[in-house]
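Readers should treat all values here as calculations from the given coordinates under stated rules, not as data from a laboratory. Just so it is clear, the model here is predicted, and its values are computed rather than measured. So basically every Cβ, Gly included, is an ideal-geometry build from the backbone, and we count neighbours across all protein chains shown.
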Amino acid sequence: MKKITRLECYYYFDNPKEIKRFLLTHDYLVEYFFEAYVQIKRIFKENLIEIRLEYNRYFEEGYEGLFVNIKTNLSSKPSLNLLEKFDKEWWLKVDFEIRSIITVYNNCNGKFNRSNNMNMINYVFVDKEKIIDFLFANSDLIPILLEAPKYIYEIFGQNVPIYLELYSDPEEEWDELFIVIKSPYSAKKAIELEKKLFDEWFVNIVNKVNNRLNFTEEPLHEI
């Protein structure tokens, strides 16, 4: 508990009660937050205004985790460049189990940055900024996207590339995010696996995503 209390010297706790409860049940995270502070200070330097810890929970998905909100005095592009530097030099080297329950993003001049890692290390983003904007507006999809690779890899295999692509129709005013699985299999085999993925995973969430998220399979050679 003393170490958790010490963290409040470095982070502003947005919801102290829930954050402390979460850290007491995930005490192995505390040292990562101390190291994260050191790395954030090293990279953002005098541009750093505040670091906030925020508790997030999605009851329907059974997901809970912490968001690290890095507030800076920079405009979007230079702030994003520093966040990308933070990712490459430290964050993406942290164990995936840790990154699956901690999200790091950044807030510049009072606005969310248009891009962050979102813990989506398993995905290749097609037009990343638009996808991140979409996910900020549909944050309930994030735990679903974090969970999806587990099911995809179990059915399609561990080495299949997974893309995220956002399809939009400005006239009809709709956006739909697609998980695109680049499959090395024959057309017949790929269709069988796609149906299996739907039956074992997607059918359980189709009502939750409500035409905002879908998945498809494409031949790997089209990359």
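In a simple Cβ point-charge model (Lys, Arg +1; Asp, Glu -1; nothing else charged), the chain has a dipole of about 1140 debye relative to its Cα centre. Amide H to amide H, with H built 1.01 Å from N, Tyr63 comes under 5 Å of Tyr58, counting only residues 5 or more places away or on other chains.
Each label was represented as a point 7 Å from its Cα along the Cα-to-Cβ direction; for Asp87 and Phe178 these points are 2.2 nm apart. On a 22 Å Cα-Cα criterion, which of the cross-link pairs Lys150/Lys208; Lys17/Lys150; Lys41/Lys150; Lys93/Lys208 come out too long? Pairs exceeding 22 Å: Lys17/Lys150; Lys41/Lys150; Lys93/Lys208.
At most 15 other Cβ atoms within 10 Å plus a DSSP loop assignment makes a site exposed; report the longest stretch of the chain without any exposed chymotrypsin sites (Phe, Trp or Tyr not before Pro).
The answer is 60-223.
Only helices enter the 222 nm calculation for the chain: every DSSP H run of n ≥ 4 contributes -39,500 (n - 2.57), and dividing by all residues gives -12000 deg cm²/dmol, rounded to 500.
Modelled spin-label separation between Asp199 and Glu154, with each label point placed 7 Å from Cα along the Cα-to-Cβ direction: 1.4 nm. Between Lys45 and Tyr12, full extension at 0.36 nm per residue minus the direct alpha carbon distance yields a gain of 10.1 nm.
Once backbone amide H atoms are built at 1.01 Å from N, Tyr185 has Leu220 as its partners under 5 Å, excluding neighbours fewer than 5 places away on the same chain.
Quotient of the Cα radius of gyration of region 167-206 and 2.2 N^0.38 Å, N being its number of residues: 1.52. Treating r as the C-beta distance of Ser168 and Asn207 and R0 as 30 Å, the FRET efficiency rounds to 0.85.
Here's how it looks for Glu217: its modeled amide H is under 5 Å from those of Ile181, which are all 5 or more places away or on a different chain. Is the shape of region 12-65 best called rounded, prolate or oblate, per the rule: a/c under 1.5 gives rounded, else a/b larger than b/c gives prolate, else oblate, with a ≥ b ≥ c the square roots of the Cα gyration tensor eigenvalues? It comes out prolate by the Cα gyration axes.
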